[in-house]
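Below is one structure; the comments refer to it alone.
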Amino acid sequence: MEQEKKSVTILLVEDDPGHARLIEKNLRRSNIMNEIINLTDGKKAVDFLFGVDGAVKRPSPLLILLDLNIPELDGYQVLKRIKADERTRKIPVVMLTSTDDDREIKKCYELGCNVYVTKPVDYEKFADAIRKLGLFLSILQMPGEE
């Protein structure tokens, strides 16, 4: 018997408004109808996840799409903070960035990212990559709350 699934909220941390629109548009084309919250910098993401006063005030379950090159706190700093805290370490984090350097990819996995996706520069390839990510997200199984 299948348990009732709560809809997963997607937290998109992306400072480029064009990329954010393209990501959301192509996730929708892949029939991902989940709520998508877009934040534009790392500090806003940390405040969202942990609350300004340290109290967790985020939706659950949650999936994070995180760009590396964001202002305030970069993607590495946000990822490190997420994975270091008992309350957030199980949240799946998908690094979604234009950086395809092997050292950067390795560093993200060492810090605990779950998936690393390179955003192609070409519009059509970028759109196709996001649609494929949407297909992946449609079958993703999320852990329940403890």
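Quick notes on this one:
- Condition broken by V121, with the remaining ones in (1) surrounded by 16 or more Cβ atoms within 10 Å (Cβ to Cβ); (2) at pLDDT below 85 satisfied: (1)
- Residue count for region 111-135, restricted to those that are over 19 Å from G75 (Cα atoms) and of a type outside the set (A, V, I, L, M, F, W, C): 8
- Looking only at region 103-118, and only at residues there that are among the hydrophobic types (A, V, I, L, M, F, W, C) and touching a helix residue (DSSP H, G or I) at 6+ places or on another chain (Cβ under 9 Å), the one that is modelled with the lowest pLDDT: V117
- The sole residue among L135, L96 that is modelled with pLDDT of 85 or more and either closer than 25 Å to G18 by Cα or of a type outside the set (D, E) (or both) is L96.
Yes/no matrix, rows are residues, columns are (1) modelled with pLDDT under 95; (2) β-branched (V, I, T); (3) within 17 Å of F136 (Cβ to Cβ):
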site: E2; (1), (2), (3): yes, no, no
site: S30; (1), (2), (3): yes, no, yes
site: L66; (1), (2), (3): no, no, yes
site: G75; (1), (2), (3): no, no, no
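- Within the option set R89, R103, R131, being closer than 29 Å to G51 by Cα and of a type in the set (K, R) holds for one residue only, R89.
The values are calculated or read from the model by the stated rules, or taken from the named source; none is laboratory data. Predicted, not measured: the structure shown is a model, and the values here were computed from it. Glycine also receives a Cβ, built like all others from the backbone with ideal geometry; neighbour counts cover every protein chain displayed.
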